[in-house]
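To start, the structure itself, in structure tokens.
Nothing in this text is a laboratory measurement; each read-out follows from the coordinates by a stated rule. For clarity, every value in this text was computed on a predicted model and none was experimentally measured. Here the Cβ is made from the backbone with ideal geometry for all residues, glycine too, and neighbour counts use every protein chain on show.
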Amino acid sequence: MTGVAPRLLVVEDDDPIRTALRWALEDEGYDVGEAASGEEALAAVGVTPPDLMVVDLMLGSMDGFTVIREVRREHDLPIIVVSARADTDDIVAALEAGADDYVTKPFQVKEITARLRALRRRATSGTPATHPVPEEVVLDSTLPALVLREAAGTVHRGGEQVPLTLTEFRLLCELASAPGRVFSRQVLLERVWEHGFFGDERIVDVHIRRLRTKVERDPGAPRVVVTVRGLGYRLDQR
Amino acid sequence: MKGALGSRGLRSRIVVGSAVGALLVSVVLVTTTWLLARSYLLDQREASLVRQAFADANVLGSRLATVGTEVGDVVAELTPSNGADVVVRSGDAWYSSSLDVGARYVPADLRSIVGEGSAGTVRLDTPEGPALLVGVPISSAGVDYYELAPLTELQQVLRTLAVVLGAGALAATAAGAAFGGWASRRALQPLEQVAGAATRIAGGELTTRLPPTEDPDLLAIVAGFNSMVDALAARIERDARFVGDVSHELRSPLTGVVTSVEVLAARRAELSPRADQALSLVEGELARFRQMLDDLLALARLDGAPPSDSGVPVSMTALVREVLAAGGWDGELLHADPDDATTVSGDKNALERAVRNLLDNAGRHAGGPTAVHVQRRDGAVLVSVDDGGPGVPVEDRERVFERFARGPRAARRSLPGAGLGLAIVAETASRHGGAAWCSAAPGGGARFSLSVPGCAR
């Protein structure tokens, strides 16, 4: 945490939790803003977009899913979801709405900061891949060609930039670091999310799904990001 | 009778009952039939023999009417049909057509009946078998005519009839027993369905119901049984949901407390020594509370989830290695078969928790594990954790897996743990189609084992 403190927005309708969370995250060096409702959160993001967000799924009138979906229209910032239940479909729904990662209550602040740090590392460094990657990788040469420029942090289809979130971009770079090689969900979880052995592999699956809707011509029949049954995922250059 | 039959099953009682019933009915029928047939056949035979005797007596009478005929000569010439023998009394003299037969065969009462001028019959037992003796007075010649006809043929017929009827009775009895067996099977079929359904329900398949029936006799049983299961399932679900809901409700306030305590802990330096001690105490208790809540939720989840067949492949060796590393245990403790030999299909998080609980249990009660084995044995993957503690007495080895059971030293309040850890292990094992048990470790401590069916290799 050098330089300017990263700006973090905590969206949580439970006052004691929100307050305690702000204190604890401020102790960790974040510049913390608070929002007690979904509407408040969207207003705050509209004024000055934060660098990171922590969103509780159970909010009042506007739930966390809507907040995430709305924020994702404009912003690629990392979003962590807080949920009371890890075993429900809520998590998958939140990830599909655009969340990058999740923690379950009752969490310890260090769990959140570890996740934030992992997401933040990618968001700031731009080149977090473990393998050196050429400046330009052509993922799909069929015109209009799909081109990944890792250093620039962009993916273009023809002349148009493909809007990826930071995590989706990071996931694509990881796969593109060794085209044709199979990456297990486990490996992707460790490299992209810095989760340990017991991380939730659903996170990978949902992000792959989201990535496909953006880079594949037909997400129903993926040809760039390919599933290898029982093993994991592979990037095929075409 | 009741004692002898009461101890048997309903089915064998029905079989025996209908066999006995069939036997009684057929004995009565057979006996009646036999008696009626016998008397009818005898009467028929007697009537025909009597007719024959009269005819023969007529012939004799007309021969004797010829002057100068000797009774003895005529008798010698007589050839009665059917192998009958003839005895004739003329005055005090007796003449017979056969050397074996004579006056001695003719009983005194028949002699007197015939002597008085009437015809008569009597049944006799001769050395050759039963026979009928017909006496006819021939008043014109002043002689008495007796004809002895054998009844052996008729007796043969009656014997055959008796054998046939007896066999029929036996067949009827066997048929009765078979019918009883069939009927009892039919009658017990619904009961067996009920028993099967009850067994499945006891095994945890609370969605089991009896199929609807058109049979008016069974409607009430089926409806009653199904509504009982409905009520039971609803109640179990309500109880499980309540525990889960309470635990979830507690998570939010707990989150606030945990986070606030962390904020406090970051300012330890600003606290007085007493406040610092109090904070440490709160931290310890909070960790325990979290653990307990976590365990309750894990159990609620295991209780609520159906036995999973949507498992993912998990290598138990890799999993145990990771759990050891994550818990700060010495990786050298692990003695394991290769990763790919110990793959099971299951819920990775639940298995991780079960293994962690086994290690924590050893740490809590016995100063930590002394060895951890992961082996493939007879198609199952076996994880066992040995400790160097005092061991578990044989009588407690099942009880330690019950919810909120406490180990021998757990009565001391200072030991963390809510006594749900091993219950979670047992529940996880059974959800995966495996088992968990406690035995003695070779070194003297306790050995806790978890076995889960392995994937085909």
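State, to one decimal in nm, how far the label point of B:ARG104 lies from the label point of A:VAL182, with both points 7 Å from Cα in the Cβ direction.
Computed distance between label sites B:ARG104 and A:VAL182 equals 11.3 nm.
In terms of the ratio Rg/(2.2 N^0.38 Å) built on C-alpha atoms, what value belongs to the protein assembly as shown? All intermediate terms of the calculation are to be shown ahead of the outcome.
On the way: Rg = 51.0 Å, N = 695, 2.2 N^0.38 = 26.4 Å.
In units of the globular-protein estimate, the protein assembly as shown measures up at 1.93.
Stretched out fully, how many nm does the piece from B:GLU332 to B:GLU70 gain, at 0.36 nm a residue minus the Cα gap?
Values: separation 262, 0.36 × 262 = 94.32 nm, distance 13.50 nm.
Using 0.36 nm per residue and subtracting the Cα-Cα distance, I get 80.8 nm.
Is there a simple number for the mean count of other chain Cβ atoms within 10 Å of the Cβ of residues in B:260-269, and what is it? Don't skip to the end; give the middle numbers.
Numbers: counts 7, 3, 9, 10, 3, 2, 6, 2, 0, 0.
Partner-chain Cβ atoms within 10 Å, mean over residues of B:260-269: 4.
Using a Förster radius of 51 Å, what is the FRET efficiency between B:GLN44 and B:LEU188 based on their Cβ-Cβ separation? Nearest 0.05, please.
The pair B:GLN44/B:LEU188 has a calculated efficiency of 0.50.
By its C-alpha gyration tensor, with a ≥ b ≥ c as the square roots of the eigenvalues, how is region A:7-125 shaped: rounded for a/c under 1.5, else prolate for a/b larger than b/c, else oblate? Don't skip to the end; give the middle numbers.
Working: a/c = 1.14, a/b = 1.07, b/c = 1.06.
Cα axes put region A:7-125 in the rounded bin.
Based solely on C-alpha atoms, express the radius of gyration and the Dmax of region B:216-300 in angstrom.
Spelled out, the Cα radius of gyration and Dmax of region B:216-300 are 23.0, 81 Å.
At 0.36 nm per residue, minus the direct Cα-Cα distance, what do B:ALA234 and B:PHE54 gain on full extension? Give it in nm, one decimal, please.
Values: separation 180, 0.36 × 180 = 64.80 nm, distance 9.61 nm.
Extra length from B:ALA234 to B:PHE54 when fully extended: 55.2 nm.
Using the membrane-span-like helix rule (whole DSSP H runs, Cα extent along the own axis of at least 27 Å, mean Kyte-Doolittle hydropathy at least 0.0), which helices of chain B qualify? Show your work: numbers first, answer last.
Details: long enough: B:10-65 (81 Å, 0.77); B:152-202 (72 Å, 0.59); B:216-265 (72 Å, 0.55); B:273-304 (46 Å, -0.03).
Taking the DSSP H segments of chain B (at least 27 Å long, mean hydropathy at least 0.0), we get B:10-65, B:152-202, B:216-265.
Give, as a single signed number, the net charge of other residues whose beta carbon lies under 15 Å from the beta carbon of A:MET62, with Lys and Arg counted +1 and Asp and Glu -1. Write down the numbers at each step before the final one.
Working: positive: A:ARG69, A:ARG72, A:ARG73; negative: A:GLU12, A:ASP13, A:GLU39, A:GLU40, A:ASP56, A:ASP63, A:GLU70.
That sum, taken over residues with Cβ under 15 Å, equals -4.
Give, in nm to one decimal, the length gained when the segment between B:ARG8 and B:ALA440 is fully stretched (0.36 nm per residue of separation minus the Cα-Cα distance).
On the way: separation 432, 0.36 × 432 = 155.52 nm, distance 4.39 nm.
That pair, B:ARG8 and B:ALA440, stretches by 151.1 nm at full extension.
Quickly work out the B:THR160-to-A:GLN161 label distance, labels modelled 7 Å from Cα along the C-beta direction, and quote it in nm with one decimal.
Inter-label distance under the simple model: 11.5 nm.
With point charges of +1 on the Cβ of Lys and Arg and -1 on the Cβ of Asp and Glu, referenced to the Cα centre of the protein assembly as shown, which listed residue (B:GLY17, A:VAL47, B:SER90) lies farthest in the positive direction of the dipole?
A:VAL47
Which FRET efficiency value, to the nearest 0.05, is calculated for A:LYS110 and A:MET62 with the Förster distance at 35 angstrom and r the Cβ-Cβ distance?
Numbers: r = 29 Å, r/R0 = 0.84.
That gives a FRET efficiency of 0.75.
If contacts are Cα pairs under 8 angstrom and at least 6 residues apart, what is the relative contact order of region B:310-453 in percent?
Numbers: 276 pairs, mean separation 34.5, N = 144.
Reported relative contact order: 24 percent.
Under 5 Å between amide H atoms, partner at least 5 residues away or on a different chain: which partners does A:LEU139 have, H built in plane at 1.01 Å?
Amide H neighbours of A:LEU139, under 5 Å, 5+ apart: A:LEU146, A:VAL147, A:LEU148.
Scale the Cα Rg of region B:2-158 by the rule-of-thumb value 2.2 N^0.38 Å and send over the ratio, two decimals. Don't jump to the answer; show the numbers that get you there.
Values: Rg = 24.3 Å, N = 157, 2.2 N^0.38 = 15.0 Å.
So region B:2-158 has a normalised radius of gyration of 1.62.
For a footprinting-style exposure proxy, rank B:HIS365, A:HIS75 by other Cβ within 10 Å, fewest first. Can you show the working numbers first?
Working: B:HIS365 22, A:HIS75 16.
Starting with the residue having the fewest Cβ neighbours, the order is A:HIS75, B:HIS365.
List, in order, the whole-Hz ³J(HN,Hα) value for each residue of region A:68-74 obtained from phi through the Karplus relation with A = 6.51, B = -1.76, C = 1.60 and θ = phi - 60°; use x for Gly and Pro.
4, 4, 5, 4, 5, 4, 10
Using a Förster distance of 30 Å, how high is the FRET efficiency between A:GLU136 and A:ARG229, based on the Cβ-Cβ distance and rounded to 0.05? Intermediate results must be reported in sequence, preceding the final value.
On the way: r = 31 Å, r/R0 = 1.03.
With a Förster radius of 30 Å, E is 0.45.
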